[in-house]
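Taking it in order: structure first as structure tokens, then the write-up.
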Amino acid sequence: MNKTNNVIDLKTRKPVAPKAGKTSSLDQPIQRVPGQVVDMTARRNEVLNQERRKVKRTILSEFIGAFLVVPQKGLTKVALHDISENGLAFEIEVEKGQFTIGEEVAFRVYMNQQTYFSFVVKISNLRELTDEGLYRHGANFVKGTVNDEALFHFVRFIETVSASLQTDHGDVMVSNLLK
């Protein structure tokens, strides 16, 4: 009786790794030969590395009071959308207007009704969210200001706290503590 081996040797069909100094590009098609095996894990990692942001952003949702100082108008409330070590994104109602790309704006973050710290941002991105009636502005922190260190620690605080935030559903109520 003639025994045949039904196991396919994938090592002989796997493409050869690129030589040192050369990297594969997603824009270039992979050279395939009949029966070649493509390592999907390597391909997936390559795609993820290209899509990965340079900095981690923390998404915010009415977490803290944020206002912009608008000349001749005073303070305008905005909603912080996200924050990272390089900047933030905020939303403002369409009726209140928009800022232009390249414009520097004074920002105030309120810790309570009266206490705030300020910093300056430079608008780098703008888009209208028509369904929501908002403008979303992306802005970079202007470096070299008096509050650079406070801003650095504030961003770290937001990142750390937001990882463990919970929503209060009123499920833990205490009454009649003192009898």
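How do the peptides 159-169, 68-78, 134-144 rank, highest first, by the average count of neighbouring beta carbon atoms within 10 Å per residue? Each step should come with its number before you reach the end.
On the way: 159-169: 8.6, 68-78: 13.0, 134-144: 17.8.
Per-residue Cβ counts within 10 Å, averaged per peptide and sorted highest first, yield 134-144, 68-78, 159-169.
With the dipole of segment 95-149 worked out from charges on the C-beta (+1 for Lys and Arg, -1 for Asp and Glu) around the Cα centre, which of L134, F119, N147 lies farthest toward the positive end?
N147
Run the simple label-point estimate for Y110 and E159 please: 7 Å along Cα→C-beta, distance reported in nm.
Here the modelled spin labels are 2.8 nm apart.
For the pair V142 and L126, how long in nm is the line joining their label points, each one 7 Å along Cα→Cβ?
Between V142 and L126, the simple spin-label model gives 1.7 nm.
So for segment 92-159, Kirkwood radius off the Cα pairs, Stokes-Einstein at 37 °C and 0.692 mPa s: how many µm² s⁻¹? Please list the in-between numbers first.
Working: Rh = 13.4 Å.
Taking Rh from Cα pairs, D becomes 245 µm²/s.
Quick check: pseudo-label points 7 Å beyond the Cα along Cα→Cβ at T167 and I101, how many nm apart are they?
If labels sit at T167 and I101, their model points lie 3.6 nm apart.
At a threshold of 8 angstrom on Cα-Cα distance, excluding pairs fewer than six apart, so keeping six or more, what relative contact order does segment 84-129 reach in percent? Walk me through the numbers on the way to the answer.
Values: 40 pairs, mean separation 16.1, N = 46.
Relative CO of segment 84-129 lands at 35 percent.
The numbers here are math on the coordinates, done by the rules we state, and not lab data. Because the structure is a prediction, the values reported are computed rather than measured. Cβ: placed from backbone, ideal geometry, glycine included. Neighbour counts: every protein chain shown.
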